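See below for the structure under consideration.
The values are calculated or read from the model by the stated rules, or taken from the named source; none is laboratory data. Everything numeric here is computed off the predicted structure, so don't read it as measured data. Heads up, the Cβs are rebuilt from the backbone with ideal geometry, glycines too, and the neighbour counts pull from every protein chain shown. Ligands, DNA and RNA are stripped out before the accessible areas are found, and what is left, the full protein with its side chains, is counted by its heavy atoms. Shrake-Rupley method; radii C 1.70, N 1.55, O 1.52, S 1.80 Å.
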Amino acid sequence: QVQLVESGGGLVQPGGSLRLSCAASGSISSINVMGWDRQAPGKQRESVAFITNVGGTHYADSVRGRFTISRDNVKNTLYLQMHSLNPEDAAVYYCYVLASGIGSWGQGTQVTVSS
């Protein structure tokens, strides 16, 4: 099993930037995919981005070109660099991994975009 702890959320003005981090521990070697979901109040959870264990990446259309997902395999940490944030990006962001076919999610970190 994999344990995940997110950090880096907070309040940012429209047009600003944030970097989210997700530290993984436990059965790290079995991880195939790491990614980020988000859920805004009253909306369904949506996929933001993910990265495979060979470095392939995928982004939601709404964030492509503004967000960058990356992973540090030495530190066992996943990152989401977010630029040009707008109020529609405000949500709780959840880190997740798929390891041996099993998904694990962190508890989430709040991102608020407001002036």
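Run the quick spin-label model on Arg66 and Val5: label points 7 Å from Cα toward the beta carbon, then report their separation in nm to one decimal.
For the pair Arg66/Val5, the computed spacing is 3.0 nm.
Suppose all protein chains stay in the model; what accessible area per residue would a 1.4 Å probe give for the chain, in Å²?
Values: 6010 Å² over 115 residues.
With all protein chains present, the chain gives 52 Å² per residue.
So what is the relative contact order of the chain, in percent, for Cα pairs below 8 Å that sit 6 or more residues apart? Can you show the working numbers first?
Values: 282 pairs, mean separation 44.2, N = 115.
Rounded, it is 38 percent for the chain.
In the chain, carbon and sulfur make up what percent of the accessible area (probe 1.4 Å)?
Values: 2950 of 6010 Å².
So the carbon and sulfur contribution to the accessible surface is 49 percent.
Round to the nearest 0.05 the FRET efficiency obtained for Asn32 and Lys75 when R0 = 25 Å and r is the Cβ-Cβ distance.
Working: r = 18 Å, r/R0 = 0.74.
Between Asn32 and Lys75 the formula returns 0.85.
Of all DSSP beta bridges located in the chain, what percent are antiparallel, nearest 5? Please list the in-between numbers first.
Details: 42 of 46 bridges.
In the chain, approximately 90 percent of DSSP beta bridges are antiparallel ones.
Using only Cα positions of the chain, each an equal point scatterer, no hydration layer, compute I(q)/I(0) via Debye at q = 0.15, 0.24 Å⁻¹ and quote the log10 values to two decimals.
Each listed q maps to, in turn, -0.59, -1.43.
Please give the length that would be gained between His58 and Gln13 if that part of the chain were fully extended, namely 0.36 nm times their separation in residues minus their C-alpha to C-alpha distance (nm, one decimal).
On the way: separation 45, 0.36 × 45 = 16.20 nm, distance 2.59 nm.
Contour length minus the Cα-Cα distance gives 13.6 nm.
List the residues whose amide H sits under 5 Å from the amide H of Val33, counting only those 5 or more places along or on another chain, with H placed 1.01 Å from N in the peptide plane.
Leu98
If one computes the Cα centroid of the range 56-92 and of the range 1-47, what distance in Å separates the two points?
8
Taking the Cα centre of the chain as the origin, how large is its charge dipole in debye, to the nearest 20, when only Lys and Arg (+1) and Asp and Glu (-1) carry charge on their Cβ atoms? Show your work: numbers first, answer last.
Working: 8 positive and 7 negative charges, 20 e Å.
Here the chain has a charge dipole of around 100 debye.
Where does the charge balance sit around Tyr59 when Lys and Arg score +1, Asp and Glu -1, over other residues with C-beta under 12 Å from its C-beta?
Values: positive: Arg64, Arg66; negative: Glu46, Asp61.
Every neighbour counted, the sum reads 0.
At 7 Å along the Cα-to-beta-carbon direction for both Ser47 and Asn86, put a label point, then send me their distance in nm to one decimal.
2.3
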